[in-house]
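> Starting off with a structure, shown below.
The values are calculated or read from the model by the stated rules, or taken from the named source; none is laboratory data. Keep in mind that what you see is a predicted model, and the values were worked out from it rather than measured. Cβ atoms come from the backbone with ideal geometry, glycine included; neighbour counts cover every protein chain shown.
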Amino acid sequence: MAQLLDDDDIQTRLPDGWERDGDEIARMYAFDDYLAGIAFVTQVGEVAEEEFHHPEIRVGYEEVEVRLTSHEEGGITEKDIRLANLFNAEY
């Protein structure tokens, strides 16, 4: 079981474009069209499956919202920060 990060760790390690929202971190990714967003979701899904840590994803017409938390731990852990950085690398 991973340890929860404290508030200072979260704030200093939060990847570009990500914001804290309570016990989650979230980012909205913008795309030129719907299919580009869907392609990104596929990439995110593959990374998440490799890492065995799965985000919540909301798909809109030209945007995709990704939210991460470690449910078993009850908040934000290193796994969430790592995955956010990997998703940014896919974008």
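> Scanning region 44-71 for residues that are in a strand (DSSP E or B) and in contact with a helix residue (DSSP H, G or I) (Cβ under 9 Å, 6 or more places away or on another chain), which turns out nearest to ARG20 (Cα to Cα)? Working first, answer last.
To start, the set of residues in region 44-71 that are in a strand (DSSP E or B) comprises 56-59, 63-68, 70.
In the following step, the residues that additionally are in contact with a helix residue (DSSP H, G or I) (Cβ under 9 Å, 6 or more places away or on another chain) were identified as 57, 59, 63-64, 66, 68, 70.
Values: ILE57: 16, VAL59: 19, GLU63: 19, VAL64: 17, VAL66: 12, LEU68: 10, SER70: 13 Å.
The residue in question is LEU68.
> Now for a separate question. Of everything in region 2-21 that's surrounded by 11 or more Cβ atoms within 10 Å (Cβ to Cβ) and part of a helix (DSSP H, G or I), which residue is farthest from the chain's Cα centre (by Cα)?
If we take residues in region 2-21 being surrounded by 11 or more Cβ atoms within 10 Å (Cβ to Cβ) and part of a helix (DSSP H, G or I), then ASP9 is farthest from the chain's Cα centre (by Cα).
> With the checklist (1) farther than 27 Å from ASP6 by Cβ; (2) not in a helix (DSSP H, G or I) in hand, flag the one item VAL41 doesn't pass.
Of the numbered conditions (1) farther than 27 Å from ASP6 by Cβ; (2) not in a helix (DSSP H, G or I), the odd one out for VAL41 is (2).
> Here is a further query. Across region 22-38, which residue is nearest to ASP6 (Cα to Cα) among those that are of a type in the set (D, E, K, R) and surrounded by 13 or more Cβ atoms within 10 Å (Cβ to Cβ)?
Step one: filter region 22-38 for residues of a type in the set (D, E, K, R), giving 23-24, 27, 32-33.
The next check asks that each one be surrounded by 13 or more Cβ atoms within 10 Å (Cβ to Cβ); those that pass are 23-24, 27.
Numbers: ASP23: 11, GLU24: 13, ARG27: 20 Å.
Ranking the candidates gives ASP23 first.
> Further question: Just wondering, is there one or more residues in region 26-37 that are closer than 19 Å to GLU73 by Cα, at pLDDT 95 or above and in contact with a Leu (Cβ under 9 Å, 6 or more places away or on another chain)? Outline the logic, then answer.
Just the residues of region 26-37 that are closer than 19 Å to GLU73 by Cα, to begin with: 26.
Adding the requirement that they be at pLDDT 95 or above leaves 26.
After this cut, where a residue has to be in contact with a Leu (Cβ under 9 Å, 6 or more places away or on another chain) as well, the list is 26.
There is at least one residue in region 26-37 that is closer than 19 Å to GLU73 by Cα, at pLDDT 95 or above and in contact with a Leu (Cβ under 9 Å, 6 or more places away or on another chain).
> Take the residues in region 64-89 that are free of Cβ contacts under 8 Å to residues at least 60 places away in the same chain and surrounded by fewer than 14 Cβ atoms within 10 Å (Cβ to Cβ); name whichever of them is nearest to GLN3 (Cα to Cα).
HIS71
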